[in-house]
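What follows draws every value from the coordinates through simple rules; no lab data is involved. Since this is a predicted model, take the numbers as computed values, not measurements. Glycine gets a Cβ as well: all are built from the backbone with ideal geometry, and neighbour counts include every protein chain shown.
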Amino acid sequence: MIRMYHVHKRYGEISALRDINLRVAKGEFCYITGPSGAGKSTLLKLLYGAEQPSEGKMLVGGVDVSRLPPRRLPAMRRNMGIVFQDFKLIPSRNVGENVGLALEVIGTPREVIDRRVAAVLAIVGLRGRGGEYPRTLSGGEQQRVAVARAIVNDPSIVLADEPTGNLDGAMAIEVMEILQSINLRGTTVLVATHDAGLMERFPFRRLRFEHGKLVQS
Amino acid sequence: MHSLRHIVRRAIRSLWEHLYLNVMATLVIGAALLLIGVYLTVQYNLNAIVDSWDRDVHLSAYFHEDVGLERRFALRDQFAQRREVATVRYVSEADARAWLMERVPDIEPVLVELGDNALPASLELTLVSTEASPEAIAAFAAELQGPDFETIDYGQEWVERFNTFLSLLQLLGAVLGSLIGVAALFLVANTVHLIVYNRRAELEVQKLVGATATYITAPFLIEGATHGLLGSVVAALGLWAVHRGLVVRLQEALQLGLAGELSFLPASYLLMLFVFGLTLGVVASAMSVRRFLVQAP
């Protein structure tokens, strides 16, 4: 699913990632871990095309994303779900509209959107909550909405950047259980985290980064 | 088709959710178009005046006081026979006095002070348009010079000067119009940029879930077109109000019969204003969203 060959990412004089060679199989669950500033978020940004590598080649789902022209970026992202630490929900839209956004942008008919949204809200434990607004939800519920949005168009890969970073223990476990269930349906899941306890509780492959280098895979 | 529906729905929703900023953008376009419209109205009317002067070349030949009434009528009949003269009319001292008093009632005490013959009698001649070249008029006026007439007054030289002034006005208008257009473009672009800034979280998420640049930009173009069209309506209403309130009063105050009817902008000019407003709104919106799309992840 993901292949990286001698990938470097530099910001001026600073090297955020150094000579990364990596392979993640389809349907795998991986943690991207390491201390702050190790390059975890940079790696995810490269994967979802927000940044391009300074050097090297990377393939996501067979697509070379290292030199992807901007006009091809939307098509790549439609096959990808992204979850952020700060949820990135739209406050002026209700839960259903936030989740349905990923389908709306590809021109899905309204009735199909409504059906899919109801289904994924059920998966993340928010059945019947589509009409509520993000500000009325707890942090854990907001993150579950973000996860629902990430999976609503049935992507082959989900990238989560510190998805439990803003959540307390119980809520973090709930979110991890959802990500695990998504993985069990065959979706590749990459979670950037430095929460050792969570990694102990949900043991999967760890890709450990330090100072921009992959030190354990 | 479904995308189009989503896009239109989002545009309408954004227009409503950011009502204050949308009203501001509309008013900025309206103000810019109003300024341009005022200039166009002035220019249109000046052009119409010059055209009417060019069409009806008019000479006033003022009699010496001592020319008798018989001679005056003889001269009138003589000129009426000339092929280059379209109309000739004798205006007596009393007619001239009545004409002036009708238009400037306050002047009566002055005329009383000056006596009955304060205004000379004249022949008012209109030349046929085919004979109205500046050279032909000058030759005709020279022919009138003689013992019978004190002054020959024809406005051709003035018309030419006025034409030069009008050309300068057109140049000035083009420069001012361009400056107003560019200023409005940046003002509207910055106002729309505030709307984009307010919605940046939503647009960023749209980009992250795979929205194309067209999908993100299209609602803003619809909003921009709405600003432009509504701004044009505001400008047209403003122009109409200015025309009714100011120009008509000005015309009443200066009823000297020189300017004729001061007209409102014709439909073709209004259409031009609408097209310009529409373009302004769409281009300003496109500029603002483009700036965001380049910066967003």
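Projecting label points 7 angstrom from Cα along Cα→Cβ for A:GLU55 and B:TYR197 puts them 4.0 nm apart.
Take every DSSP beta bridge with both residues inside the protein assembly as shown and express the antiparallel ones as a percent of the total, to the nearest 5. Close to 65 percent.
Each stretch of four or more DSSP H residues adds -39500 (n - 2.57); spread over every residue of chain B, this sum gives -24500 deg cm²/dmol at 222 nm. Per-residue shielding of B:199-206, expressed as the average number of other chain Cβ atoms within 10 Å of the residue Cβ, stands at 5. The simple spin-label model puts a point 7 Å past each Cα toward its Cβ; for B:ASN47 and B:HIS64 those points are separated by 4.7 nm. Put a plus charge on the Cβ of each Lys and Arg, a minus charge on the Cβ of each Asp and Glu, and nothing anywhere else: the dipole of segment A:1-126 about its Cα centre is then about 280 debye.
Calculated mean residue ellipticity, 222 nm, chain A: -10000 deg cm²/dmol, from DSSP H runs (n ≥ 4) at -39500 (n - 2.57) each, averaged per residue and rounded to 500. Farthest towards the positive end of the charge dipole of the protein assembly as shown, among the residues B:THR214, B:LEU34, B:ALA236, is the Cα of B:THR214, using unit charges on the Cβ of Lys, Arg, Asp and Glu.
Mind checking the angle between helix B:93-103 and chain B's longest principal axis? C-alpha axes, 0 to 90 degrees, to the nearest 10. Roughly 20 degrees between the two axes.
Once the Cα atoms are used to define both axes, helix A:169-184 deviates from the longest principal axis of chain A by about 80 degrees.
Using the alpha-carbon atoms, what tilt in degrees (0 to 90, nearest 10) does helix B:69-80 show relative to the longest principal axis of chain B? Result, in degrees: 50. Computed over neighbours whose Cβ is under 12 Å from that of B:GLN78, the net charge equals +1, Lys and Arg +1, Asp and Glu -1. Label reach from A:LYS213 (point 7 Å along Cα→C-beta): in segment A:30-71, amide nitrogens under 15 Å belong to A:35, A:38-39. Computed from point charges on the beta carbon alone (+1 for Lys and Arg, -1 for Asp and Glu), the dipole magnitude for chain A about its Cα centre is near 660 Debye. What you get for chain B, charging only the Cβ of Lys and Arg (+1) and of Asp and Glu (-1), is a dipole of about 3000 debye around the Cα centre.
Spin-label model, B:LEU246/B:LEU293: points 7 Å from Cα along the beta carbon direction are separated by 4.0 nm.
Between the beta carbons of B:ARG71 and B:MET272, assuming R0 = 41 Å, the FRET efficiency works out to 0.15 to the nearest 0.05. Averaged over peptide A:87-97, the number of partner chain Cβ atoms lying within 10 Å of each residue's Cβ comes to 3. Averaging Cα coordinates gives a centre for segment A:147-189 and one for segment A:23-40; these two points are 14 Å apart. Per residue of A:72-78, other chain Cβ atoms within 10 Å of the residue Cβ number 4 on average. Counting only DSSP beta bridges with both residues in chain A, the antiparallel share comes to about 50 percent. From the residues A:PRO163, A:PRO53, A:ASN94, which one has its Cα farthest along the dipole of segment A:40-170 in the positive direction, the dipole being from +1 and -1 charges on Cβ of Lys/Arg and Asp/Glu about the Cα centre? Going by the Cα projections, it comes out as A:PRO53. Note on the protein assembly as shown: dipole from Cβ charges, positive end direction compared against A:ALA16, B:TYR197, A:PHE209; the farthest Cα belongs to A:PHE209. The residues A:GLU28, A:GLU210, B:GLU202, when put in order of fewest to most other Cβ atoms within 10 Å, stand as A:GLU210, A:GLU28, B:GLU202.
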